[in-house]
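Written out below as structure tokens is the structure these notes cover.
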Amino acid sequence: MTSTPVARPDEVRRYNRSTLLRTLHLTGPCTRASLAGELGLNRSTIKTLVDGLAGAGVVAERVPRTQRQAGRPSLLVLPRPEAAVVLAVDVRVGHVALALVGLGGQILGRDGWNLRERTRTPEEVVTRLVESAGPLAADLGVRPVACGISVPGVVRRADGHVHEAPNLRWSDVALGSRLTRALDMPVVVGNDAELGALAENLRGRATGAADVVFVSADIGVGGGVIAQSASLRGGAGYLGEIGHMAVHHPGGRPCYCGSTGCWETEVGEAAFCRALGLPETSSRGRVVAALRGLRADDEGARRRLGDLAEWLTLGLVNVVNLFGPELVVLGDLFTELPAPVLDDVDRAVRARSLVSRALGGVRVRTSALGTDVKLLGAAEAAFEDVLDTV
């Protein structure tokens, strides 16, 4: 007869400590009483855990500013941002953004630079990143303990190997191992849309949703999937290149990936330019300004963006039928679509998707995290292991 393994008391304490810290990191300040209720632990256990974290400088406590009940107040427990800091990096086709993010998700400081053809090589990006991270950390008086990086490409999550990032013109780049050596800290590299989905699920529009698809439009189009509250990664971590769904019969527009008729050729940045009557080489700022100029003209917006909205709907119907999410979150350029156009897409996806009808409707919404969504996702990827060791 085999016996059932029993967790040792020290293992239980570590688990409870990690769970409490993760709760504070994601939800922010909580009273001891609310922590006890949320984690299902008694108050004496919460007191022991909080006292230990406070003694280690990881959390602080204060009396709430408003006390509605008579008697002794339940102390408010706050994560101390400087107690655990990670470096977050978002590599885009035309720009690199980096930030130092503290416990609780607070951005402590930022830097960034524009990319041009000659500065877009992996070697240039790695060199500039290392040169920028050190001074930023020194200025803030902190030391990051891990790094998360968002890249618009096919990334092997296990070791951060970028198999291909067509819009960056990168192929077979050992980014994870290079930066681990250069920065002397653990590095997590992820697909940008996957990390965007993670950020939305933990801190954005999709908080509390178990099944979510995040779809973003930059030069290209990417997707990240949250299934049953966990990131869906596919074989070796290669998942989410929904921008390269074939939506045309052979003969569609050529795509950066080398194929033709990919979805991103009809809903990516170049497609926005065509719909707005702008040169396809127009700057992002000019595209955004043109989209915002349509906000006061509902019918004009529908007329100018009607074809793009139809292609967006077509792709989202396929995505919804495939993954069955309760929520689709649109990021980057899609967040600038005028409200009437987004409403039309939302209604059409619900009406035309078989899975949406079976679920009683799938909501299509825009990101609440703005341009920081992938940066925050990179930070959360770095924090995943850090929170178990603080």
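The values are calculated or read from the model by the stated rules, or taken from the named source; none is laboratory data. Here the structure is a predicted model, which is why all the values come from computation and not from measurement. Every residue, glycine among them, receives a Cβ derived from its backbone with ideal geometry; neighbour counts consider all protein chains shown.
Matching residues to (1) in a loop (DSSP other than H, G, I, E, B); (2) more than 29 Å from residue 292 (Cβ to Cβ):
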residue	(1), (2)
206	yes, no
215	no, no
224	no, no
240	yes, no
251	yes, yes
273	no, no
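Of everything listed in (1) in contact (Cβ under 8 Å) with a residue 60 or more places away in the chain; (2) closer than 30 Å to residue 360 by Cβ, the single unmet condition for residue 284 is (2). Whether a residue is part of a loop (DSSP other than H, G, I, E, B) and in the same structural domain as residue 185 (by TED's automatic domain parsing) was assessed, and residue 93 passes this test.
Say we look at the range 74-97 and pick out the residues that are over 30 Å from residue 36 (Cα atoms) and without any contact (Cβ under 8 Å) to a residue 60 or more places away in the chain; which of these is surrounded by the most Cβ atoms within 10 Å (Cβ to Cβ)? Steps first, answer last, please.
Within the range 74-97, the subset over 30 Å from residue 36 (Cα atoms) is 87-97.
Cutting the leftovers down to without any contact (Cβ under 8 Å) to a residue 60 or more places away in the chain gives us 95-96.
Details: 95: 14, 96: 21.
This residue is 96.
Among the residues of the range 319-335, is there at least one that is farther than 16 Å from residue 217 by Cβ, in a helix (DSSP H, G or I), over 22 Å from the mean Cα position of the chain (by Cα) and not small (Gly, Ala, Ser)?
yes
A single member of 189, 215 is in the same structural domain as residue 326 (by TED's automatic domain parsing), modelled with pLDDT of 95 or more and within 16 Å of the chain's Cα centre (by Cα), and it is 215.
The residue pairs whose first member lies in the range 221-244 and is farther than 11 Å from residue 191 by Cβ, whose second member is among the hydroxyl-bearing types (Ser, Thr, Tyr) and surrounded by fewer than 21 Cβ atoms within 10 Å (Cβ to Cβ), and whose beta carbons are closer than 8 Å, counting only pairs six or more residues apart or on different chains, are 244/259.
Condition first: part of a loop (DSSP other than H, G, I, E, B), of a type outside the set (A, V, I, L, M, F, W, C) and either farther than 17 Å from residue 209 by Cα or at pLDDT 95 or above (or both). Can you find one or more residues in the range 373-385 that meet it?
Of the range 373-385, the ones part of a loop (DSSP other than H, G, I, E, B) are none.
No, every residue in the range 373-385 fails to be part of a loop (DSSP other than H, G, I, E, B), of a type outside the set (A, V, I, L, M, F, W, C) and either farther than 17 Å from residue 209 by Cα or at pLDDT 95 or above (or both).
Tell me whether the range 297-316 contains one or more residues that are at pLDDT below 95 and under 29 Å from residue 377 (Cβ atoms). No; the residues of the range 297-316 include none that is at pLDDT below 95 and under 29 Å from residue 377 (Cβ atoms).
In the set (1) part of a helix (DSSP H, G or I); (2) farther than 17 Å from residue 302 by Cβ; (3) at pLDDT 95 or above; (4) not hydrophobic (A, V, I, L, M, F, W, C), residue 343 fails one condition alone, (2).
Yes or no: the range 170-189 includes at least one residue that is among the charged types (D, E, K, R), outside any loop (DSSP other than H, G, I, E, B), touching a strand residue (DSSP E or B) at 6+ places or on another chain (Cβ under 8 Å) and on the phi > 0 side of the Ramachandran plot.
At the first step, the residues of the range 170-189 found to be among the charged types (D, E, K, R) are 172, 178, 181, 184.
Subsequent filtering for residues that are outside any loop (DSSP other than H, G, I, E, B) retains 172, 178, 181.
Among the residues that remain, those that are also touching a strand residue (DSSP E or B) at 6+ places or on another chain (Cβ under 8 Å) are: 172.
Remaining after also requiring on the phi > 0 side of the Ramachandran plot: 172.
Yes: the range 170-189 contains one or more residues that are among the charged types (D, E, K, R), outside any loop (DSSP other than H, G, I, E, B), touching a strand residue (DSSP E or B) at 6+ places or on another chain (Cβ under 8 Å) and on the phi > 0 side of the Ramachandran plot.
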